[in-house]
1. I'd like the Kirkwood hydrodynamic radius of the range 166-246, using the inverse of the mean 1/r over distinct C-alpha pairs, in Å.
2. With viscosity set to 1.306 mPa s at 10 °C, what whole-number translational diffusion coefficient in µm²/s follows for the range 52-120 from Stokes-Einstein and a Kirkwood radius over Cα pairs?
3. Mind grabbing the accessible area of residue 169 for me, 1.4 Å probe, Å², rounded to tens?
4. Give me the percent relative contact order of the chain, please, defined on Cα pairs under 8 angstrom at least 6 residues apart.
5. With a ≥ b ≥ c taken as the square roots of the eigenvalues of the C-alpha gyration tensor of the range 104-208, please select rounded if a/c is under 1.5 and otherwise prolate if a/b is larger than b/c or oblate if it is not?
6. So if we plug the beta-carbon distance of residue 25 and residue 76 into 1/(1 + (r/R0)^6) with R0 = 30 Å, what FRET efficiency do we get, rounded to 0.05?
7. Among 217-230, 199-212, what's the highest-first ranking by average C-beta atoms within 10 angstrom per residue?
8. Which part of the range 167-200 falls in the paramagnetic zone of residue 154, meaning amide N under 13 Å from the point 7 Å along Cα-to-beta-carbon?
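The values are calculated or read from the model by the stated rules, or taken from the named source; none is laboratory data. None of these values were measured; they are calculated from a predicted model. We place every Cβ from the backbone using ideal geometry, glycine too, and count neighbours over all the protein chains shown. Calculation scope for accessible area: heavy atoms of the full protein, side chains included, ligands and nucleic acids excluded. Shrake-Rupley method; radii C 1.70, N 1.55, O 1.52, S 1.80 Å.
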Amino acid sequence: MSSPRLYDDLAWVWPFVSPPEEYPEEVATFRRRFQQKGVSDGATLLHLGSGGGSIDVHLKQHYRVTGVDLSPNMRAHAAELNPEVEYLHGDIRDLRLGRTFDAVLLHDASAYMISLDELLAAYRTAAAHLRPGGVMVTLPEEIRRCFHQNRTTCSTYTRGARTVSTMYVDHDPDPTDTWFESTFVFLIRDGDRVTVETDTHRVGLYHLDDMLAAMREAGFEPEVAKWELADLDPEEDRPLVTAVKRG
């Protein structure tokens, strides 16, 4: 399957759908976990799958950040937002920079690992870039117990004269495999002109125990805690994982 359009010809939409102002609370939840495991301010942090840099706007206030992403369009967005951050091209399944960091954040990019082999490869990449005792914080983007067939989410953002309304729908065509489809519909108003674009993403879907087993196989000791974001449904008990690399 080709790269999602959001990271290619529709990359200009990124500042509308994922602006930095959405992330201070989220980054605070990551920072608490890093602090609990001894990662202090000023530490080196590798952000695997750094995307458009909106999260790094907040991470860089506390850490020396290096970002890695496959999409040149995402790296361009990130570099514009964060000119002081080092951004590198790389695939999180096989990246090897030849250096280690105090901490790794593996955020949304883990969602695009659509087999357990790919997910394990990403965790091994994280482990390869951490010193013994280093800490990975990772977000299990979708787990089976929280998935809702045909769940629909909508949002609208305006910047200048342009407004982008986004609807995305999650659909699992085969519950026996490890991925589902998330289809985005972008309604774009630019002055009097209205256009509609669609974009389909394949997203990994796992049982949490399988993800934790892959982390252990990659050399981590993971700990699971409820993700305390204010806008999450408390009934879903979404997890956030802190994983320490074994010595």
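1. 15.9 Å
2. Estimated via Stokes-Einstein, D reaches 123 µm²/s.
3. Answer for residue 169: close to 40 Å² accessible.
4. 18 percent
5. Cα axes put the range 104-208 in the oblate bin.
6. 0.70
7. 199-212, 217-230
8. 167-169, 185-187
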